[in-house]
Amino acid sequence: MRIYVTLLLMLICLPSFASTTESNARPASQLYRRYCVSCHGSDGKGKTSKGRFSHARDLTDAQWQADVSDERIFNSIMNGRNVRGNMPAFANKLNEKEVDSLVTMVRGLKG
Ligand code: HEC
């Protein structure tokens, strides 16, 4: 009897292990809506009230897009950035693949 209970528990737990592995990258649009929109807005301009309050960057700014490297965008998302404002770090919420796809998405916001 005990072995059946143990097996059953293992079966129940398997899918939740699988969903936390690195290979399961969630789509960038979904991540942006969940983690970024509150400050940067759906258009990337940062005109939300939380965006104004934290001095979120306008991600559509062509001059900034031209000056910034993909590597810096990646690091800013992973580690946060507190130069002009206060952006939280996302290293504990997103894996590298997901941050890579967000870098691509940020590039697509260029106005
Ligand atoms: C709490 C508000 C807030 C949230 C949530 C937020 N940001 Fe930011 N973001 C900021 C602020 C403030 C800055 C400006 C930081 C600075 O330059 O000091 C910024 C800057 C940036 C930059 C420019 C970084 C640079 O190196 O110039 C990028 C890219 C960015 N955010 C992307 C994102 C993405 C992608 C997400 C979601 C995963 C996100 N942000 C979530 C507030 C936020």
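List of remarks:
- Residue pairs whose Cβ atoms lie under 6 Å apart, separated by 6 or more positions or on different chains, with the first residue in the stretch 25-38 and free of Cβ contacts under 8 Å to residues at least 40 places away in the same chain and under 10 Å from residue 102 (Cβ atoms) and the second of a type outside the set (Asp, Glu) and outside any loop (DSSP other than H, G, I, E, B), do not occur.
- Yes/no for residue 101 being surrounded by 13 or more Cβ atoms within 10 Å (Cβ to Cβ), within 9 Å of the ligand (Cβ to nearest atom) and not in a strand (DSSP E or B): no
- Note on the stretch 60-93: residues that are within 21 Å of residue 104 (Cβ to Cβ), of a type outside the set (Asp, Glu) and more than 6 Å from the ligand (Cβ to nearest atom) total 15.
- Qualifying residues in the stretch 39-53 (those that are closer than 18 Å to residue 103 by Cβ and part of a helix (DSSP H, G or I)) - the one nearest to the ligand (Cβ to nearest atom): 39
- The residues of the stretch 57-98 that are of a type in the set (D, E, K, R), more than 11 Å from the chain's Cα centre (by Cα) and in a helix (DSSP H, G or I), listed by number, are 67, 70, 71, 72.
- Per this entry, residue 93 is counted among residues that are surrounded by 12 or more Cβ atoms within 10 Å (Cβ to Cβ), within 14 Å of residue 28 (Cα to Cα) and free of Cβ contacts under 8 Å to residues at least 60 places away in the same chain.
Each value in this text was obtained by applying a stated rule to the coordinates, not by laboratory testing. Keep in mind that this is a model prediction, so the values were computed, not measured. All Cβ positions, glycine included, derive from the backbone under ideal geometry; neighbour counts span all protein chains shown.
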